[in-house]
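Coordinate-derived values only; no laboratory data. All values derive from a computational prediction rather than experimental measurement. When we count neighbours, we look across all protein chains shown, and the Cβ atoms used for this are built from the backbone with ideal geometry, even at glycine.
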Amino acid sequence: MINQFEAAAYLSRKITTPGTPVFIAGDKDNIHQLMRRLLALTAKHVKRQNYQMVRQCFVAADALYDKGNAVVKNAVAHVFIGSFSTLLSLAREHRKEVLRLIPASLLQVSAAHEAPQTSDKAIIA
């Protein structure tokens, strides 16, 4: 299992960017900050239509969710996956292309994440 202290090292190995690395092993950011940085990197490349990098980000998030401990899974689910709608709104006319890049397991987590919110709205209404 990858814990919150190992996540930066994992991301530094899995996400390769030209120039200055975005993630550095030993990074002191907490797991939620790391997920926000991963989300920002993904959003930047969605806007640039750099789908190879977008795919790297999604695959890394998927692996963290799959191999992470409860703290890591929670951060991936709430910070990264919870922002899929934002990423898709950035894609606009390329939304289908971005959706194809999201691993099926992350889409399942996203659907499960949204389901309670939908049922809560129905109860309130």
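Based on alpha-carbon centroids, what's the gap between segment 1-74 and segment 96-115 in Å, whole number please?
Rounded to whole Å, the Cα centres lie 17 Å apart.
Which helices, taking whole DSSP H runs in the chain, have alpha carbons extending 18 angstrom or more along the helix axis plus mean Kyte-Doolittle at least -1.0?
31-47, 51-67, 104-124
Could you size up the charge dipole of the chain around its Cα centre, putting +1 on the beta carbon of Lys and Arg and -1 on that of Asp and Glu, and report it in debye to the nearest 20?
It comes to approximately 380 debye.
Could you work out the local net charge near I31, counting Lys and Arg as +1, Asp and Glu as -1, over the other residues with Cβ closer than 13 Å to its Cβ?
Taking every Cβ under 13 Å from that of I31, the sum is +1.
Evaluate E = 1/(1 + (r/R0)^6) for L88 and F5, where r is the Cβ-Cβ distance and R0 equals 41 Å; express this FRET efficiency to the nearest 0.05.
E between L88 and F5, to the nearest 0.05, is 0.85.
Sum -39500 (n - 2.57) across every DSSP H segment of at least 4 residues in the chain, then divide by the residue count to get the 222 nm mean residue ellipticity, nearest 500.
-21000 deg cm²/dmol
Around R55, under 11 Å between beta carbons, what's the net of Lys plus Arg minus Asp minus Glu among the other residues?
That works out to -1.
Just want the answer: with Cβ charges of +1 for Lys and Arg and -1 for Asp and Glu, which residue in G19, L39, L99 is farthest toward the dipole's positive end in the chain?
Positive-end residue among those listed: G19.
Give me D for the chain in µm² s⁻¹, whole number, from Stokes-Einstein with Rh from the Kirkwood sum over alpha-carbon pairs, 4 °C and 1.567 mPa s.
It comes out at roughly 87 µm²/s.
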